[in-house]
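Novice: Below you'll find the structure I mean.
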Amino acid sequence: MTTMSVAGEGPGMLSDIHRMRTLPLTEIPEGLPAMVEGSWRRCLGTHRLSPDFTRRADVLSYGELRETLDQEELLIRSATAEIDRLFRRLAPDACTVSLASAQGVKLLFRCDPYHMDDLKRAGVLPGSIWVEDMQGTNGIGTCLLERRPLSIVGDEHFNRALSGITCTVAPIFGSHGLLAGVLNISSLDKIGAQAVRLLSDVVNRSARRIETQLFQRRNSGHRLVSLSADGDFADAAALSMLALDDFGLIVDFTHDAPMMLRRTADELRTARLDQIVEPDAVHGVRSEPVTPAGAGHLRMAALSQAAAAISDHGPAAPPESEAPLSDPRLDEILQQALGLALRQLPLMLTGETGTGKTTLALRLARLVSGDFLMLEGGAADEITRLKLDTLRARPSCTLVLDQIDEMSIPMQRSLVQVLEGAQHPLITITSSAKNLQPELAGLRPDLIHRLNGAAFTLPPLRSTPEPEKVILRALAEEARLAGRAAPHISGEALAILSCHHWPGNLRELHFALRRAIALAENTVTVANLPARLIELSETHDVLARSKYETARIETALRYHKGNVMETARYLGISRATLYRKMQGKRSNGLIDKP
């Protein structure tokens, strides 16, 4: 009989492996809260974990984290201001305030630098993934399963390496009650039971405020209805909300709205508000514009029978004058596309990631009809089906399609049926028109025929002839979203931003400016810019306007490690043109000879 051995394997290792596979449930500590005990039982029984052998949290790579941040941009925008406020309020008592996605990935991270080394040793990092079936009982992972606020204090963590941390968390719910993320406060200090209860209330109220922000951003083209149990609308944490179309149809609601209205979630979906409540149940109503689109926000207090209606209100107010788009070239595309959309011609917006396709599509949708519905092909079939059901009752609604190549075949069939004979304005977003070829994307040909129309390719930021103008527009927009006046920007900072080649396009620019605005007081300086931008520009005198193109070429070459073909592609010029420019600048001493 042949025997096999593994290098480094011995009786001790075999014993450990056997112990991990046969952990008895009696190892659960006594005195755990019922919810925590239930989590420990899952860890030992279902997940087959051991407190002494639980692995460190996995951490996304830079590329994976960046892609995740792009996908969660709406949640991050909705949460940033509240998380910053919470961290300022609790520091130094809380060493970290963070936001995790519905998959347990830490997206936003505010930390006391003094505790950074301790957190690193525990694996608490931006991009780390916290799920119960891998890390055992922990604040984020257990909250994702329990779907309610909770605290995991010290030794209540399943992983012994986390026994010095107290985590207080609350779920953040998104569309139709689906979990969107988790808000987490962690401390390395021992916290008493009373302090934990107070902290839990603070975290839960902050999570509700983030939900409200997320709901308003998600439904910026609809009427928003606020419901309050006591008539107090001052605190967003105490509100439930509904979103209505022009016909009073409920198209979205916060997770606690069904309970306040004493209805089930299924009863609210696709129902008219005047079918849910009696008009005489309304205690008080007033209309107030609260979104960039100028949609009416109707507030009403919920009485004992729950709350209120708007069955007699007409269409939402027309969009207010909106700020110009960051890139002036997009304004021109907007005007051309708008003229075609008003003539019922389908539109297709293509371009690299971050060029502003979604922003432009939503701006167009608001201008075309004021009522729009965004359909993401990668969404769960249940969500897609619900949205298609609402579309049938909204004949003038503009349909914005994103990631259409990821839509399942049954949902493609349903979409074709909804579009059959309808006159919905259509806007499709894709990285390339080639992605929508049936043979490449697996799309139904009859669906492609309905989507094909006028295609507009959004230009990359690096090809703009007016980088300073784009930067100043973007700076003003980010300042407006942050609720403050646009700060000044130093000439040196503006020059560095102007010379960067921006592989992430407008999205990368806006992230950089958002960071700069958060750090700056009255003037954005070089010190407020991301370190990577400074490193890529520091070897040249980018302040001289005559050297602008030189610095831009040099920066792009360094980024692409001297690959001329990739550099030319990013600069939006041919390889021959790039060679010619490099040759001329070398002869003038502007670019170092190889």
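Novice: What are the ³J(HN,Hα) values, in whole Hz, obtained from phi via the Karplus relation 6.51 cos²θ - 1.76 cosθ + 1.60 with θ = phi - 60°, for each residue of segment 62-74 in sequence order, with x given for Gly and Pro?
Specialist: My calculation for segment 62-74 gives 4, x, 5, 5, 4, 5, 5, 4, 4, 5, 9, 4, 5 Hz in order.
Novice: Next question, about the same structure. Under a crude label model (7 Å from the Cα following the beta-carbon direction), how far is E37 from Q417 in nanometres?
Specialist: Calculated label separation equals 4.9 nm.
Novice: Next question. Between R197 and S163, with labels modelled 7 Å along Cα→Cβ, what's the label distance in nm to one decimal, could you check?
Specialist: Going by the 7 Å Cα→Cβ label model, 2.7 nm.
Novice: If you don't mind, there's one more thing I want to ask. How much length is gained on full extension from S463 to D266, taking 0.36 nm per residue of separation minus their Cα-Cα distance?
Specialist: Once the chain is fully extended between S463 and D266, it gains 66.0 nm.
Novice: Pull up all non-local amide H partners of L108: gap of 5 or more, or a different chain, and H-to-H distance under 5 Å with H placed in the peptide plane.
Specialist: L99
Novice: On to the next question. Applying the Karplus parametrisation 6.51 cos²θ - 1.76 cosθ + 1.60 with θ = phi - 60° to the phi angles of segment 470-487, what ³J(HN,Hα) value in whole Hz is obtained for each residue in order, glycine and proline being reported as x?
Specialist: 4, 5, 5, 5, 5, 4, 5, 5, 5, 5, 4, 5, 7, x, 9, 5, 5, x
Novice: In addition: With the crude spin-label approximation of a point 7 Å out along Cα→Cβ, what separation in nm comes out for D52 versus D155?
Specialist: 1.6
Novice: Taking a ≥ b ≥ c as the square roots of the eigenvalues of the Cα gyration tensor of segment 62-205, is the shape rounded (a/c under 1.5), prolate (a/b larger than b/c) or oblate?
Specialist: Since a/c stays below 1.5, the shape of segment 62-205 is classed as rounded.
Novice: Quick one: compute a quarter of the convex hull surface over the Cα atoms of segment 462-587 and quote it in nm².
Specialist: The orientation-averaged projected area of the Cα hull of segment 462-587 comes to 7.3 nm².
Novice: Quick check on the exposure proxy: order D402, D245 from fewest to most C-beta atoms within 10 angstrom.
Specialist: By the 10 Å Cβ count, ascending, the order reads D402, D245.
Novice: Amide H of R223: which non-local residues (sequence gap of 5 or more, or other chain) have their own amide H closer than 5 Å, using H built in the peptide plane?
Specialist: L244
Novice: May I ask you to sort R41, R209 by Cβ crowding, counting other Cβ atoms within 10 Å and putting the fewest first?
Specialist: Ascending number of Cβ neighbours within 10 Å: R41, R209.
Novice: How would you rank L74, L330, going from fewest to most other Cβ atoms within 10 Å of each one's own Cβ?
Specialist: L74, L330
Novice: If packing is taken as the mean number of other Cβ atoms within 10 Å per residue, what is the order of 459-466, 127-134, 476-483, highest first?
Specialist: Answer by packing, highest mean first, reads 127-134, 459-466, 476-483.
Novice: Sticking with this structure for a sec: Can you tell me how segment 328-459 classifies by the Cα gyration tensor, rounded, prolate or oblate, using a/c under 1.5 as the rounded cut?
Specialist: Judged from the Cα gyration tensor, segment 328-459 comes out oblate (a/c at least 1.5, b/c at or above a/b).
Novice: How large is ³J(HN,Hα) for each residue in segment 563-577, as worked out from phi by the Karplus curve 6.51 cos²θ - 1.76 cosθ + 1.60 (θ = phi - 60°), to whole Hz, x for Gly and Pro?
Specialist: For segment 563-577, the Karplus curve yields 6, 5, 5, 5, 5, 4, 5, 5, 7, x, 10, 6, 5, 5, 5 Hz.
Novice: Moving on. Strictly over 32 Å apart at the Cα level, which of K357/K387; K120/K387; K106/K469; K106/K357 would you flag in this model?
Specialist: Cα-Cα > 32 Å for K120/K387; K106/K469; rest within.
Novice: If R₀ is 25 angstrom, what is the calculated FRET efficiency for the pair A527 and K120, using the beta carbon separation as r and rounding to 0.05?
Specialist: 0.50
Novice: Next question, about the same structure. Quick one: work out Rg over Rh on the C-alpha atoms of segment 29-98, Rh as Kirkwood radius.
Specialist: Across segment 29-98, the Cα-based Rg/Rh ratio is 1.11.
Novice: Give me, ordered by chain and number, the residues 5 or more places off H560 or on other chains with an amide H under 5 Å from its own placed amide H.
Specialist: Amide H neighbours of H560, under 5 Å, 5+ apart: none.
Novice: Can you tell me how segment 115-166 classifies by the Cα gyration tensor, rounded, prolate or oblate, using a/c under 1.5 as the rounded cut?
Specialist: Prolate is the answer for segment 115-166, as a/c is 1.5 or above and a/b outweighs b/c.
Just so you know, all these numbers are worked out from the coordinates, no wet-lab data involved. Quick caveat: nothing in here was measured; it's all calculated off a predicted structure. Cβ sites come from the backbone with ideal geometry, for glycine too, and all protein chains shown count toward neighbours.
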